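The values are calculated or read from the model by the stated rules, or taken from the named source; none is laboratory data. All values derive from a computational prediction rather than experimental measurement. Note: ideal-geometry Cβ built from the backbone for every residue, glycine included; neighbour counts use all protein chains shown.
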Amino acid sequence: MKACFFTIGLLFSFLLPAAESVPAAAPAKVYVLPIRENVDTPLAYLVRRGVKEAVKAQAGVLILDMETKGGRADVCMEIIDIIGQFKGQTLTYVNREAYSAGAFIAVGTQKIYMAPQSVIGAAAPILLSPGGGGPQAMPDTMETKMVSAISAKVRTQAEKNGHNKEVVQAMVDKTTELVVDGQMINKKGNILTLTDVEAAKVYGTSSKPLLSLGTVASLDDLLNKLGLAKATVIHIKPSGAERLASWLNVIAPLLLIIGIAGVYIEMKTPGFGAPGMIGIVAFALYFLGGYIAGLSGVEWMFVFAIGLILVIVEIFVFPGTVVPGLIGAGMILAALVMAMVDRWPGMPALPGLPQLRLPVTNLLIAFGGGVAVVWLLSRWLPHTSLFRTMIPASASGVASVQARGTAQSARVGQVGVTQSTLHPGGKAQFGEEMLDVMTQGEMISKGAKVRIIDHSGTEAIVEPAD
């Protein structure tokens, strides 16, 4: 009940005539997010982490401390969507400059304040040359489409947050002429950029400034102006790992392919060695990328580990029991998908299709590539010297790889009895030897006679002896 009254009081405080002030009932926590350098994927990860922390802490105010020359439009829109997840009051403090994508993000907050001699605007889209080169001329048709699409999205944000959409349009589209109360603000052919004084200017009889609610000397002064001098202020700082996460998530399908191949090779060779370690590291990096990006917690790494253990138990300890393997495979698939799902506090347990699109796409690419790699390795690897170096000489009780090959050749043609149902893998007894066997795809029931016809790695390939 107290929380209900508190929330009503907070909403009422935002509707009071003094828009720049927050009364004494203001929330005790304020989160400050730095918008620095280029607007790129690492910044989106930082913002996501900070906003999720603010939502979890039930903070009432989120301030963007902005100083950026802009960046990628797609990442900018992603950041605006992330900020939209915060249900409290959102503000931008233009510390020095908010060009291009920075101006877009500022319009995505409810209020804008500016530091002395700061500027905002120049938000027309540009085309950067590949390889990190400078801006280059954009074809007219492409420029028209880009301007139309971006300006529409930014105007939507401006209307939502009560900003002047004509001002925003003039920042994006050089063909827009901006006239306010008979005064020419921006001539056609120019891209609008405003100083702090110009952005805060009130024209004619309007009580509303052009864009900024005022010039404030510092962030501390802004907190005082908002009545938040005694609030707990939490500054989100870059961890330095966001850039690493951006690379890890780009190569996420490749990491999954390496992980699948590593685990496959490890299961095909006796003992535990380099392939298993490489596979484990690849999977760990995959989960690490999702964790640093603020997409998931470490819990899905544990779910994956438990699932992998169950699959190993099914293959090596209780072959043919089916249930542990199916449960383990389901846990592995769920962990790999959920590690890349962007989840927010209070969301339903099951993610929607938009959230699943990227992780499922990565998983399908990985499984397709993994199957191809495993098939190639199964054909090529056993016949190479690399395969011999990966197998310890005494790992399976055979003195050498050559001796193991001789023993396998001697087994061809032997008849034994299955000790578990083969579908297609399991175990069978040949005289005094218990061997791991697999069929060529068919299922053979427990207690049936089978004949060894070949070997694949350490497993004997069998067929019905009848």
Test E299 against the criterion of being modelled with pLDDT of 75 or more, assigned by TED's automatic domain parsing to the domain that holds M338 and among the acidic types (D, E), and give yes or no.
yes
So is L194 at negative phi, in contact (Cβ under 8 Å) with a residue 60 or more places away in the chain, surrounded by 18 or more Cβ atoms within 10 Å (Cβ to Cβ) and assigned to a loop (DSSP other than H, G, I, E, B) or not?
no
Residues in the range 161-189 that are surrounded by fewer than 13 Cβ atoms within 10 Å (Cβ to Cβ) and not β-branched (V, I, T): how many?
7
Note: among I112, I120, just one is closer than 12 Å to M171 by Cα, among the β-branched types (V, I, T) and in contact (Cβ under 8 Å) with a residue 12 or more places away in the chain, namely I120
Among the residues of the range 228-276, count how many are out of contact with any Phe, Trp or Tyr (no Cβ under 8 Å at 6 or more places or on another chain), modelled with pLDDT of 85 or more and assigned to a loop (DSSP other than H, G, I, E, B).
5
State the number of residues belonging to the range 92-112 that are surrounded by fewer than 24 Cβ atoms within 10 Å (Cβ to Cβ) and under 11 Å from A123 (Cα atoms).
1
Write out, first by first residue and then by second, each pair whose Cβ atoms fall under 6 Å of each other, whose residues are 6+ apart or on separate chains, and whose first residue, in the range 306-322, is in the same structural domain as Q419 (by TED's automatic domain parsing) while the second is at pLDDT 70 or above.
none
